[in-house]
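Asker: Sharing a structure, written as structure tokens. Questions coming.
The values are calculated or read from the model by the stated rules, or taken from the named source; none is laboratory data. Quantities reported herein were computed from a predicted structural model and do not represent experimental measurements. Quick reminder, even Gly has a Cβ in these numbers, built from the backbone with ideal geometry, and neighbours come from all protein chains shown. What goes into the accessible areas is simple: the full protein's heavy atoms, side chains included, and nothing from ligands, DNA or RNA. Shrake-Rupley method; radii C 1.70, N 1.55, O 1.52, S 1.80 Å.
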Amino acid sequence: MEKIEHTVVRTNGINMHIASIGTGPVVLFVHCFPELWYSWRHQLLYLSSLGYRCIAPDLRGYGDTDAPPSAASYTAFHIIGDLVGLLDHLGVDQVFLVGHDWGAMMAWYFCLFRPDRVKAVVNMSAPFYPRNPAINIVDGFKALFGDDYYFCRFQEPGEVEKDFACVDTAILVKKFFSLFGPVPLCVPKEVGFRGLQTPDALPCWLSQEDINYYASKFSQKGFTGGLNYYRASTLTWELTAPWTGLQIKVPAKFFVGDQDIVYNIPGIKEYVHNGGFKKDVPYLRDVVVMEGVAHFINQEKAEEISAHIYEFINKF
């Protein structure tokens with residue numbers, strides 16, 4: 001870990017912290033909520049040892065990267081603008097793109113907006129799902145699960161932050177890494193995230209040192225930046241109307257755990273396995289479903305995921 005270099009780059013009007021290691025073809029890693037560049041620590045070390053230059057930023061709103069206050073500054077256009085600006089600053093023309101959950105969603109948008117900059121994409125947890133012109137994602141989740149669904153609960157500025165503030169940050173992070181199982185995460189206001197059970201022990205793939213690192217950064221930065229991705233999702237839906245119906249035409253591979261909260265949303269399994277996903281991503285090479293694996297797949301099955309990424313990108 002001490003070989004990983006940390007620098008700050010000016011891009012798209014913000015200062016972005018990046019962690020990087022290695023030389024060779026560039027692999028750009030895009031994290032999710034509530035994670036950081038640190039979530040890719042295993043993949044950074046693994047792939048850099050095999051001849052790749054690995055770059056993992058803290059996305060805007062996270063860690064040591066700037067956090068604009070307005071939720072309107074967190075659309076997919078802002079995030080992809082940050083990443084393209086980062087590549088321009090580094091003089092990198094094309095990358096292998098790797099994303100998880102929100103990071104996967106942003107990676108799919110990256111492939112939609114700038115396929116010329118992507119050699120291939122490896123995404124986890126969140127499959128590409130085409131824009132539905134009839135309903136935005138927040139209203140869609142409300143229709144499926146009601147107002148208490150976590151995605152919907154995250155919409156009101158300040159409300160969830162007050163809830164989070166009632167819990168020690170390290171305990172809150174510990175809860176997050178254990179909550180995203182196959183059952184929809186619905187949190188009534190009267191219970192709050194503070195009222196959800198704290199796991200007795202950490203999962204085997206996570207150490208107290210890991211928890212402390214996440215907690216230290218979220219204690220400094222707060223959670224608003226990460227929550228703003230959820231709050232900007234309707235604006236992203238509005239602004240991406242011109243891309244409705246467009247296919248992802250980048251070579252792709254997809255991983256998901258069978259216990260993942262996203263994979264168990266009604267209709268997702270059918271979409272992934274019955275031809276819809278392949279129709280929308282025609283260069284999709286493979287879908288891997290890992291049994292007994294939950295949401296944070298790149299950390300939970302770090303070695304297997306790292307090997308799979310290498311096996312895929314090494315073909316190009």
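Asker: How fast does segment 15-65 diffuse by Stokes-Einstein, in µm²/s, taking the Kirkwood radius from C-alpha pairs at 20 °C and 1.002 mPa s?
Answerer: Details: Rh = 10.8 Å.
This corresponds to a translational diffusion coefficient of 198 µm²/s.
Asker: Hey, what's the per residue convex hull volume over the C-alpha atoms of segment 139-196, in cubic angstrom?
Answerer: 77 Å³
Asker: Under a crude label model (7 Å from the Cα following the beta-carbon direction), how far is residue 10 from residue 205 in nanometres?
Answerer: Simple spin-label model gives 3.9 nm for this pair.
Asker: Starting from the exponent 0.38 and prefactor 2.2 Å, build the expected Rg for segment 6-101 from its residue count and divide its actual Cα Rg by it.
Answerer: Ratio of Cα Rg to 2.2 N^0.38 Å: 1.01.
Asker: Looking at the chain, send over the antiparallel percent of its DSSP beta bridges, to the nearest 5.
Answerer: Here the share of antiparallel DSSP bridges comes out near 35 percent.
Asker: Rg and Dmax of segment 112-221 over Cα atoms: what are they, in angstrom?
Answerer: Computed over the Cα atoms of segment 112-221, radius of gyration and Dmax are 17.0, 48 Å.
Asker: So, with +1 on the Cβ of K and R and -1 on the Cβ of D and E, and no other charges, what is the size of the charge dipole of segment 198-316 about its Cα centre, to the nearest 20 debye?
Answerer: It comes to approximately 600 debye.
Asker: So if I place +1 on the C-beta of Lys and Arg and -1 on the C-beta of Asp and Glu, and nothing else carries charge, what would the dipole magnitude of segment 73-178 be about its Cα centre? I want it in debye, nearest 20. Could the numbers behind the result be given before it?
Answerer: Working: 9 positive and 13 negative charges, 66 e Å.
Here segment 73-178 has a charge dipole of around 320 debye.
Asker: Moving on. Wrap a convex hull around the Cα atoms of segment 166-316, take a quarter of its surface area, and give that in square nanometres.
Answerer: Details: hull surface 45.7 nm².
The directionally averaged projection comes out at 11.4 nm².
Asker: Can you tell which of 204, 172, 31 lies farthest toward the positive end of the dipole of the chain, using +1 and -1 charges on the Cβ of basic and acidic side chains (Lys, Arg; Asp, Glu)?
Answerer: Sorting the options by dipole projection puts first 31.
Asker: I would also like to ask the following. Compute the FRET efficiency between residue 175 and residue 49 as 1/(1 + (r/R0)^6), taking r as their Cβ-Cβ distance and R0 = 22 Å, and round to the nearest 0.05.
Answerer: With R0 = 22 Å, the Cβ-Cβ based efficiency is 0.10.
Asker: To the nearest 20 debye, what charge dipole does the chain have about its Cα centre, counting +1 at the Cβ of each Lys and Arg and -1 at the Cβ of each Asp and Glu? Walk me through the numbers before you get to the answer.
Answerer: Values: 27 positive and 34 negative charges, 144 e Å.
It comes to approximately 700 debye.
Asker: On to the next question. Name the residue from 62, 127, 294 whose Cα lies farthest towards the positive end of the charge dipole of the chain, charges +1 on Cβ of Lys and Arg and -1 on Cβ of Asp and Glu.
Answerer: 127
Asker: Something else: Treating each Cα of segment 219-293 as an identical point scatterer and ignoring solvent, apply the Debye formula and state log10 I(q)/I(0) at q = 0.23 Å⁻¹.
Answerer: -1.11
Asker: Return the sequence-ordered ³J(HN,Hα) values of segment 220-235 in whole Hz as given by the Karplus equation 6.51 cos²θ - 1.76 cosθ + 1.60 applied to θ = phi - 60°, using x for Gly and Pro.
Answerer: Once rounded to whole Hz, the list reads 6, 8, x, 9, 4, x, x, 5, 5, 5, 5, 6, 8, 5, 5, 5.
Asker: Could you grab the Rg to Rh ratio for the chain? Cα atoms only, Kirkwood for Rh.
Answerer: Expressed as Rg/Rh, it is 0.93.
Asker: Which of 90, 107, 72 sits closest to the plus end of the dipole of segment 45-120, meaning its Cα is farthest towards the positive end, when Lys and Arg get +1 and Asp and Glu get -1 on the C-beta?
Answerer: The residue sitting farthest along the positive end of the dipole is 107.
Asker: In the chain, what percent of the accessible surface is made up of carbon and sulfur (1.4 Å probe, ligands and nucleic acids excluded)?
Answerer: 52 percent
Asker: Another question, if that's okay. Return the loop-located GluC sites (Glu not before Pro) in segment 2-64 (DSSP other than H, G, I, E, B) with at most 11 other Cβ atoms within 10 Å of their own Cβ; answer none if there are none.
Answerer: Here the sparse-neighbourhood loop sites are 2.
Asker: Restricting to Cα atoms and excluding each atom paired with itself, what does the Kirkwood estimate give for segment 163-254 in Å? Present the calculation step by step, with values, prior to reporting the outcome.
Answerer: Values: mean 1/r = 0.0618 Å⁻¹.
It works out to 16.2 Å.
Asker: Within straight cross-link reach of residue 249, meaning Cα distance under 20 Å, which lysines are found once same-chain residues fewer than 8 apart are removed?
Answerer: 119, 278, 279, 315
Asker: Between residue 70 and residue 283, what is the label-point separation in nm under the 7 Å Cα-to-beta-carbon projection?
Answerer: For residue 283 paired with residue 70, the spin-label model returns 3.5 nm.
Asker: Between exposed trypsin sites (Lys or Arg not before Pro) in the chain, where DSSP calls loop and at most 14 other Cβ atoms lie within 10 Å, what's the longest gap?
Answerer: 4-188
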